[in-house]
Every structure is written in structure tokens, then in C-alpha cells.
1. Counting just the residues of segment 1-12 that are touching a residue at least 12 places away in the same chain (Cβ under 8 Å) and not polar (S, T, N, Q), which one comes out nearest to Ser150 (Cα to Cα)?
2. Considering only segment 65-106, state which residues are modelled with pLDDT under 95 and under 28 Å from Asp46 (Cα atoms).
3. Restricting to segment 66-85, and then to whatever is part of a loop (DSSP other than H, G, I, E, B) and not hydrophobic (A, V, I, L, M, F, W, C), can you tell me which residue is surrounded by the fewest Cβ atoms within 10 Å (Cβ to Cβ)?
4. Name the residue that is surrounded by the most Cβ atoms within 10 Å (Cβ to Cβ), counting only residues in segment 135-149 that are under 12 Å from Leu80 (Cα atoms) and aliphatic (A, V, I, L, M).
5. Evaluate the following for Leu152: is it surrounded by fewer than 23 Cβ atoms within 10 Å (Cβ to Cβ), closer than 21 Å to Arg22 by Cα and over 14 Å from the mean Cα position of the chain (by Cα)?
6. Does Ala103 satisfy being without any contact (Cβ under 8 Å) to a residue 24 or more places away in the chain and either among the hydroxyl-bearing types (Ser, Thr, Tyr) or under 16 Å from Ala144 (Cα atoms) (or both)?
7. Being in contact (Cβ under 8 Å) with a residue 12 or more places away in the chain and either of a type in the set (Phe, Trp, Tyr) or surrounded by fewer than 21 Cβ atoms within 10 Å (Cβ to Cβ) (or both) narrows it down to one of Ala47, Ala17, Ala57, Ala33, so name that one.
8. Determine whether Thr72 is over 18 Å from Ile49 (Cβ atoms) and hydroxyl-bearing (Ser, Thr, Tyr).
Amino acid sequence: MSNQIAGQLDGTGRRFAIAVARFNGHIVESLLAGAIDVLTRHGVKDADITVARCPGAWELPLVVKKLSAATTKYHGIIALGCVIRGETPHFDYVAGECAKGLAATALQSGIPVLLGVLTTDTTDQALARAGLKAGNKGADAAAAALEMASLLERL
């Protein structure tokens, strides 16, 4: 049998940062609540969670890059936001550049950066993904952050 390495959902002794966009705040706050709930239920102390707020999803990559500069401070960073398609191409620019910037920071820093930014066509779709019908994508991103932090320590 081959050697298999996997991460665990254990936050004991780990520190996480959550970058939170204020735009569409009524949705993003639910994502934040879900993320914090998952982290604390899996052993992360409240004092080991830093929340950094910024205006919107466009600004998230810069905030995450700054948070990742302290590579020994955080075991993972979760980016939370919500971009809802409108009648202009604004959505395409913001959502795409946000995702690219977050991915680049993860690769450059070696710290797990989790994409918890909703990109939906409607407010109802966003609400469903923020804890109503389709789970909570903030909670999902936090679980992935726990697993990735554990996995990277084992590699």
C-alpha cells in the first residue's frame, strides 16, 4: 500500500486570520459566523482568530497578502466576501481578480489561503450559500483551512 498523507480537522494550537469584505455585509457576516463556529468547534481558541475587515472583494487579495507576510503568525487565512452579478461587467472583473490574487498569495507565501468568496447571480443564491439552504460556504472554507494547515505540516 502506498504512503498516504492527509490533513485533519484539528485546530488545537493553531492560529487563523479571516479577511472579511464589508460589501454585501448582511451575507458576509453569516459566512464569518460559520467560519468562526467551525474553527472554535475544532479547537482553535477565540484569541487565535484574527478578523481583518476591508471594503470589498476587490481589496481582499491585498489584505490577505499583508496577513500572509507574517508567515509564522498564521497557519491559514480565510477570505470571505460576496460578489453578486449585476447588469454590468463589474462582476467579472471583481470576482476573477479577487480569486487570482488570493491564489497568487497562497502560492507565494506557502500559507493556505481559502476562497470563501461567493460569486452568485442573485441575492437569493448568496443567502442560500450563507447558511440558509445550501450550507454555509464560510464554514466550508474554515474546514478546508484546518485540513490544509494540518496537511502542510505533515508534508
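The values are calculated or read from the model by the stated rules, or taken from the named source; none is laboratory data. Bear in mind the structure is a predicted one, so any value in this text is a computation, not a measurement. Neighbour counts run over all protein chains shown; Cβ positions are idealised from the backbone, glycine included.
1. Gly7
2. Those that are modelled with pLDDT under 95 and under 28 Å from Asp46 (Cα atoms): Ser68, Ala69, Ala70, Thr71, Thr72, Lys73.
3. Top of the filtered list is Thr72.
4. Going through the qualifying residues, I end up with Ala142.
5. no
6. Answer is yes for this residue.
7. Going through Ala47, Ala17, Ala57, Ala33 in turn, the sole match is Ala33.
8. No; evaluated as a whole, the condition is false for this residue.
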